[in-house]
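Q: Let me begin by handing over the structure; questions about it come next.
Please treat every number below as a calculation from the coordinates, not as lab data. Source: prediction; values computed, not measured. For neighbour counting, all protein chains shown are included, and Cβ atoms are generated from backbone atoms with ideal geometry for every residue, glycine included.
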Amino acid sequence: MNDKYSILFEPVKIGPLTARNRFYQVPHCCGLGHVRPQAHAAMRAMKAEGGWAVVSTEETEIHPSSDLSPYAEQRIWDEHDIPALRLMTNAVHEKGALAAIELAHNGAHAPNLLSRAPLFAPSDISLDLAHPRQARAMSIREIGEFRRWHRDAVRRARDADFDIIYVYAGHRMSLLHHFLLSDINTRTDEYGGSLENRTRLLREVLEETLEIAGDNCAVAMRFAVDEMRGADGMQAAEEGRAVVELLAELPDLWDVNVSDWSNDSATTRYQPSDGYQTSYIEFVKQVTSKPVVGVGRLSSPDQMVSLIKRGVMDFIGAARPSIADPFLPKKIAENRIDEIRECIGCNICVAADNTGVPIRCTQNPTMGEEWRRGWHPERIEAKRHEQSTLVIGAGPAGLECATQLARRGYHVTLAEAADNLGGRALAESGLKGLGAWRRVVDNRVYELRQRANVDIYTDSALSAEQVVELAIKNVFVATGAKWLGNGLGRSNRQPLTPGKNISVFTPDDIMAGNLPADGPLIIYDDDQIYLGGVLAEHLSAMYADISFVTPASVVSPWTEHTLEQERVQAALMHAGVQLKPNCTLGSVPGGDAAAGSGDGVMQTICTYTGNRHTLPCASLLLVTERCREITLYDELKSMQDTAAIRTLELIGDAASPGLIADAVYAGHLAARDFEADAAVVERALFRREIISLKS
């Protein structure tokens with residue numbers, strides 16, 4: 001270990017317990033929860049094996065009146081949930097870490113779609129989800145029942161062998177946080193009005209949790225000190241600090257952050273600086289003598305040391321960095337810092353939770369696959385035979401495939417047609433806000449260049465005949481996909497052929513530096529994922545007249561899953577981009593009806609009414625659909641038998657265009673499955689946890 005990092009590995013007391021170092025995996029959702037307890041235990045255990053001193057669950061529902069269905073969070077409704085939770089505590093303890101549980105009642109954030117229980121809040125209020133039911137103000141009796149539910153959950157958590165039990169008042173998602181916030185809590189009794197009254201329930205729950213936890217468990221307080229809404233919400237400098245002062249010495253540990261979730265888990269696109277929460281939470285250690293956990297996408301060991309030495313925090317908290325690299329602490333301890341897979345802040349992990357599926361990660365394709373496929377982020381099965389492999393294409397799929405094949409011990413030849421490595425990951429990282437995405441390329445290229453069993457060739461566009469001449473019998477084709485320039489997409493299934501004097505561009509043109517001339521620019525986003533909005537924001541600094549046309553009702557609707565959509569749309573509006581939602585492109589009177597435009601004019605068609613309007617257009621950027629680059633693969637497939645090619649596999653965007661995370665996963669899967677028994681591969685694909693029929 002480098003001595004300058006030794007402070008990160010000092011043991012730290014948390015109430016009656018001692019954490020082995022300062023690395024603390026704070027609670028984070030994972031889409032596994034109570035539905036997939038074995039997968040959940042395996043994923044958390046991997047963090048413990050990677051050196052995290054504390055490993056936490058996601059929010060854990062304490063009662064059916066806090067039912068987050070259909071999302072698979074944890075549950076501790078009654079004693080039947082204890083065995084599944086104990087899978088996690090046992091697995092984490094076996095790896096030497098403390099296990100923490102975040103007890104949660106989600107109040108007006110829980111729709112209770114499964115339980116159909118009453119919806120509770122401090123005051124009458126609509127849910128913060130689009131749902132027809134409203135939450136009702138809790139009576140004093142119901143507040144007492146909530147306290148009992150929480151006490152019972154604490155006892156069950158203790159019986160499930162958790163070391164640290166959370167009281168959760170954060171993210172504008174929990175009932176205890178709702179009681180603190182004056183815009184949600186409009187009560188006039190002893191639980192409303194003054195801040196001290198609004199803090200009353202939190203104090204009572206903390207005191208009761210400490211009493212039940214006793215001498216065997218520590219109690220953590222998770223609190224969002226600032227809503228980042230200015231005067232419209234709680235601010236760290238005012239009520240946020242006051243809450244900490246009121247409760248300063250009660251919990252054994254303070255886990256502090258900002259809210260809501262979109263701020264706490266902000267993407268690098270809008271919060272590029274690691275440690276971006278520091279200015280909001282640095283006051284906490286001035287107020288309490290108890291240890292403090294802070295977060296903010298912390299990946300740099302030097303920054304971590306600085307935060308500890310400056311007295312900002314005692315523990316380096318992490319959710320997303322622990323997902324991108326579960327072995328981050330061990331790599332620092334073993335002076336392997338260059339091998340850390342840094343979080344790129346893309347929020348693919350968040351998107352998985354928001355779409356109700358198991359967790360995924362762009363940087364770490366093994367995340368969520370620890371139990372189902374038996375994947376380990378640092379270990380992979382050694383090669384079975386002495387064979388050479390050829391990977392064609394050095395985009396995210398090709399780089400990951402080559403990296404893992406090399407780790408297995410195969411000789412890898414990596415051929416890339418361009419003069420650089422990275423493919424779409426490198427190209428997209430050059431756009432505004434996506435600079436951190438280059439880490440996907442840098443991490444893999446660094447490792448490949450360290451290995452003697454890898455030969456890398458750029459400027460090497462191979463023909464099928466040249467591939468055969470190489471006499472490498474195992475070929476992985478990762479030639480990617482190109483954006484179409486004909487307008488075919490989700491909504492337009494007939495090509496668009498703009499009239500004369502309209503120049504057509506694709507995202508590939510923009511990322512290659514081929515930019516439109518001056519004049520009205522229309523961006524037509526029928527992809528509706530993220531890239532259309534990225535390109536519009538990127539180009540808004542260069543062009544004064546941009547119209548953003550999309551069949552969607554909002555800009556980049558998929559980015560709601562990554563917690564960015566409001567920021568994306570606001571950025572374009574602030575930049576003066578004219579938004580034309582709910583519109584497709586169509587023909588112009590006097591123009592070529594089949595082509596869909598006239599001279600220097602495009603037409604929008606309302607997706608609801610069919611009403612048409614014209615827009616001036618000198619340049620048209622089409623962000624619609626991608627075409628797989630499979631010519632080489634098809635040629636090799638036709639020659640496979642005569643050329644004696646044993647393995648020929650199409651991977652990444654060339655097989656199925658998707659996210660960069662999908663391409664990385666596909667490359668990883670191909671390398672893992674190479675030479676594997678087909679039956680074993682199929683069993684891993686369909687391995688699932690079966691619900692018990694016991695009532």
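Q: Of G422, P396, H376, whose Cα points farthest to the positive end of the dipole of region 367-447 (charges on the beta-carbon: +1 Lys, Arg; -1 Asp, Glu; origin at the Cα centre)?
A: Value: H376.
Q: Using alpha-carbon positions, what is the distance between the centroids of region 388-462 and region 231-276, in Å?
A: Region 388-462 and region 231-276 have Cα centres separated by 39 Å.
Q: Let me ask you something else. Which entries in K13/K330; K331/K432; K4/K95; K482/K637; K285/K432 show an alpha-carbon gap greater than 29 Å? Spell out each step's value before the answer.
A: On the way: K13/K330 21 Å; K331/K432 31 Å; K4/K95 26 Å; K482/K637 21 Å; K285/K432 36 Å.
With Cα atoms farther than 29 Å apart: K331/K432; K285/K432.
Q: If I stretch the segment between R187 and E386 completely, what's the gain in nm (0.36 nm per residue apart, minus their alpha carbon distance), one decimal?
A: Numbers: separation 199, 0.36 × 199 = 71.64 nm, distance 7.31 nm.
Gain on stretching R187 to E386: 64.3 nm.
Q: Note the full-extension length gain between E238 and R449 as 0.36 nm times their separation in residues minus their Cα-Cα distance, in nm to one decimal.
A: On the way: separation 211, 0.36 × 211 = 75.96 nm, distance 5.15 nm.
Gain on extension, E238 to R449, equals 70.8 nm.
Q: Which percentage, to the nearest 5, of the DSSP beta bridges contained in the chain is antiparallel?
A: Details: 20 of 86 bridges.
Beta bridges within the chain, antiparallel portion: roughly 25 percent.
Q: Same structure, new question: For K500, list the aspartates and glutamates whose Cα falls under 14 Å from its own Cα; do not include residues on the same chain fewer than 8 positions away.
A: Here the aspartates and glutamates satisfying the reach criterion relative to K500 are D592, D599.
Q: Which listed residue (A48, P498, L659) has the Cα farthest towards the positive end of the charge dipole for the chain, taking +1 on Lys and Arg C-beta and -1 on Asp and Glu C-beta about the Cα centre?
A: Most positive-ward Cα: A48.
Q: Let me ask something else about it. What's the FRET efficiency of S656 with R151 using the Cβ-Cβ distance as r and R₀ = 35 Å, to the nearest 0.05?
A: Numbers: r = 50 Å, r/R0 = 1.43.
E between S656 and R151, to the nearest 0.05, is 0.10.
Q: In whole Å, largest first, what are the principal axis extents of the Cα atoms in region 483-626?
A: 43, 34, 27
Q: Would you mind pulling out the separation of the Cα centroids of region 1-71 and region 595-641, in Å?
A: A separation of 46 Å, based on Cα centres.
Q: Further question: Over region 90-239, what portion of Cα pair distances is larger than 29 Å, expressed as a whole percent?
A: Counting pairs separated by more than 29 Å, the tail of P(r) holds 20 percent.
Q: Using helices alone, what [θ] at 222 nm do you get for the chain, with -39,500 (n - 2.57) per DSSP H run of 4 or more residues, divided over all residues and rounded to the nearest 500?
A: Numbers: 24 runs with 214 residues, N = 695.
Estimated from H runs of four or more residues: -8500 deg cm²/dmol.
Q: Spin-label point model (7 Å from Cα, Cβ direction): what's the N420 to H613 distance in nm?
A: 3.9
Q: Given a Förster radius of 56 Å and the C-beta distance between I691 and L515 as r, what FRET efficiency does 1/(1 + (r/R0)^6) yield to the nearest 0.05?
A: On the way: r = 55 Å, r/R0 = 0.98.
Working from the Cβ atoms, E equals 0.55.
Q: Quick one: go through region 207-246 and flag any residue whose amide nitrogen is under 12 Å from the point 7 Å out along the Cα-to-Cβ line of D159.
A: none
Q: Order of E649, E334, E59, E73 from fewest to most other C-beta atoms within 10 Å?
A: The most exposed by this proxy come first: E334, E649, E73, E59.
Q: Could you tell me the calculated FRET efficiency between E196 and T497, based on Cβ-Cβ distance and R0 = 56 angstrom, to the nearest 0.05? List each step's numbers first, then the result.
A: Values: r = 69 Å, r/R0 = 1.23.
That pair, E196 with T497, gives E of 0.25.
Q: What shape does the chain take by its C-alpha gyration tensor, where a ≥ b ≥ c are the square roots of the eigenvalues and a/c under 1.5 counts as rounded, a/b above b/c as prolate, and the rest as oblate? Mind showing how you got there, number by number?
A: Working: a/c = 1.98, a/b = 1.33, b/c = 1.49.
Oblate shape, in that a/c is at least 1.5 and b/c is the bigger or equal ratio.
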